[in-house]
1. Can you tell me how many residues in the stretch 1-33 are surrounded by 15 or more Cβ atoms within 10 Å (Cβ to Cβ), in contact with a Gly (Cβ under 9 Å, 6 or more places away or on another chain) and under 18 Å from residue 160 (Cα atoms)?
2. Could you please give the count of residues in the stretch 67-92 that are surrounded by fewer than 17 Cβ atoms within 10 Å (Cβ to Cβ) and in a helix (DSSP H, G or I)?
3. Has the stretch 163-180 got any residue that is buried (at least 19 other Cβ atoms within 10 Å of the Cβ) and within 19 Å of residue 13 (Cβ to Cβ)?
4. Report every pair of residues separated by at least 6 positions or lying on different chains whose Cβ atoms are under 9 Å apart, first residue within the stretch 151-174 and in contact (Cβ under 8 Å) with a residue 60 or more places away in the chain, second basic (Lys, Arg).
5. Checking residue 184 against (1) at pLDDT 95 or above; (2) more than 20 Å from residue 71 (Cβ to Cβ), which test does it fail?
6. Given the structure, is residue 36 farther than 20 Å from residue 134 by Cα, surrounded by 14 or more Cβ atoms within 10 Å (Cβ to Cβ) and modelled with pLDDT under 95?
7. Kindly provide the set of residues from the stretch 81-109 that are in contact with a Gly (Cβ under 6 Å, 6 or more places away or on another chain) and modelled with pLDDT of 90 or more, ordered by number.
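The values are calculated or read from the model by the stated rules, or taken from the named source; none is laboratory data. Computed from a predicted structure; not experimentally measured. Backbone-built Cβ (ideal geometry, glycine too); neighbour counts: all protein chains shown.
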Amino acid sequence: MYQATYSELRRSARLSLNGNWGKAIGGTLLLFAVILAVYFIPFIGLIVAIASPLITGAIVLGLSSFYMGIARGEIIYVSEVFSGFGDFWRAMRLYLLVLMFTLLWTLLFYIPGIIAGYRYSMSFMILRDNPEIGAMEAIRRSKQLMAGNKFRLFVLQLTFLGWRILGMLTLGIGYIWLIPYEAITTVHFYDDLLGKGRNQTPPPLEPFNYDLTKPSM
């Protein structure tokens with residue numbers, strides 16, 4: 001199956017953002033502004049800091065849904081960044097499981113932990129696309145989808161290195177554009193893996209009959 005090149009994926013992201021830059025930036029800034037505001041409220045900020053492992057999943061799911069909507073040309077609103085709280089329990093379980101598996105691999109050595117992060121990197125987008133499945137199934141599908149594609153995602157992220165350096169040189173201002181640009185490029189990478197970018201039927205998933213934590217490349 002043909003795989004899109006890195007330049008094609010970035011070009012697809014720019015096309016998705018054409019006319020949607022304001023929405024993409026606005027949604028990202030809105031969520032971060034609310035989080036920062038809450039942290040500066042006495043006592044509430046402390047409670048949120050303690051509860052952050054429980055709410056991070058909902059935040060990640062909401063952002064994933066927001067960027068996926070823009071990438072796919074859906075009618076999406078800025079409020080979508082908070083949509084993960086409508087699926088709070090699945091999002092929380094997924095985040096905690098991914099965190100646990102990644103930390104377990106990190107205990108072995110740092111590099112296996114990084115590989116594990118890439119292995120489970122599609123989990124939240126899979127969860128958004130499949131509201132009928134559970135957290136463990138989303139992880140399983142991400143592991144299968146990323147088999148043989150982890151290095152490809154790593155290289156795709158490296159292509160943004162120059163933009164990241166530029167963002168640092170602008171005291172972080174450049175990240176206002178870079179965060180949605182890179183996130184939406186990742187959505188196109190995910191859709192390319194599924195075959196959606198080429199109007200192809202996604203390959204069937206294997207039965208859940210192997211060790212989830214078994215490393216694969």
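1. Of the residues in that region, 4 qualify.
2. Residues of the stretch 67-92 that are surrounded by fewer than 17 Cβ atoms within 10 Å (Cβ to Cβ), as a first pass: 72-75, 77, 79, 85-86, 88-89.
Checking which are in a helix (DSSP H, G or I) leaves us with 79, 85-86, 88-89.
Final tally of qualifying residues: 5.
3. Within the stretch 163-180, the subset buried (at least 19 other Cβ atoms within 10 Å of the Cβ) is 180.
Okay, now just the ones that are also within 19 Å of residue 13 (Cβ to Cβ), so 180.
Yes, the stretch 163-180 contains at least one residue that is buried (at least 19 other Cβ atoms within 10 Å of the Cβ) and within 19 Å of residue 13 (Cβ to Cβ).
4. Between residues of the stretch 151-174 that are in contact (Cβ under 8 Å) with a residue 60 or more places away in the chain and residues that are basic (Lys, Arg), the close pairs are 156/10; 159/10.
5. (2)
6. Working: farther than 20 Å from residue 134 by Cα: yes; surrounded by 14 or more Cβ atoms within 10 Å (Cβ to Cβ): no; modelled with pLDDT under 95: yes.
So residue 36 does not fit the description; no.
7. Step one: list which residues in the stretch 81-109 are in contact with a Gly (Cβ under 6 Å, 6 or more places away or on another chain), which gives 81-84, 91-92, 94-95, 102, 105-106.
Scanning the stretch 81-109 gives 81, 82, 83, 84, 91, 92, 94, 95, 102.
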